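Written below as structure tokens is the structure these notes are about.
Bear in mind these aren't lab numbers, they're just calculated from the coordinates by the rules spelled out. Everything quoted here is computed from the prediction, not taken from an experiment. Backbone-built Cβ (ideal geometry, glycine too); neighbour counts: all protein chains shown.
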Amino acid sequence: MPKYLISFEKGAMDHIPEEDFADVGKASHAVVQEAKDAGVFIFGGGLRYDDDDVEHAVVEIDGTITDGPFPESKELIGGGMIVDVPTREAALEWAAKIAVACRCAQDVRKFMFDPEQDD
């Protein structure tokens with residue numbers, strides 16, 4: 001089946017009051033559990049950018065490694081989930097559930113099929 005990345009940009013949840021984050025966490029974890037129970041969940045999580053302990057590096061094509069952070073001009077992913085579903089419509093349904101739970105818009109992108117890696 002096709003795999004889809006459902007994600008949101010860094011800062012997309014900045015409008016949520018701090019006192020509501022526990023509810024957002026519970027709602028998003030419920031959607032993840034639903035996806036697991038449905039057998040479509042592959043991976044998910046948020047990305048951290050807010051402290052000095054964040055491990056981040058950029059590896060250039062010549063192998064040069066530079067420790068982060070990313071330049072602010074780059075579009076950054078705040079978090080996401082990968083699902084393995086039969087159709088785009090199914091991916092959009094999961095994205096709608098995540099959008100409601102996380103209180104922010106979601107980007108949905110299909111991974112390219114690779115016959116050497118995919119079923």
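Okay, here's what the table says:
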item: Neighbour cut-off at most 16 other Cβ (10 Å), DSSP loop, GluC sites (Glu not before Pro), region 1-63; result: Glu55, Glu60
item: Residues with amide H under 5 Å from that of Ile77, placed H, sequence gap 5 or more; result: Lys10
item: The chain, helix-only ellipticity at 222 nm - DSSP H runs n ≥ 4, -39,500 (n - 2.57), divided by all residues, nearest 500; result: -9000 deg cm²/dmol
item: Förster radius 25 Å - calculated FRET efficiency between Thr87 and Ala30 (Cβ-Cβ, nearest 0.05); result: 0.60
item: Backbone HN-Hα couplings from phi across region 80-94 [Karplus 6.51/-1.76/1.60, Hz, Gly and Pro as x]; result: x, 9, 10, 10, 10, 10, x, 9, 4, 4, 5, 4, 5, 5, 5
item: FRET efficiency estimate (nearest 0.05) - Cβ-Cβ, Val58 to Arg109, R0 30 angstrom; result: 0.90
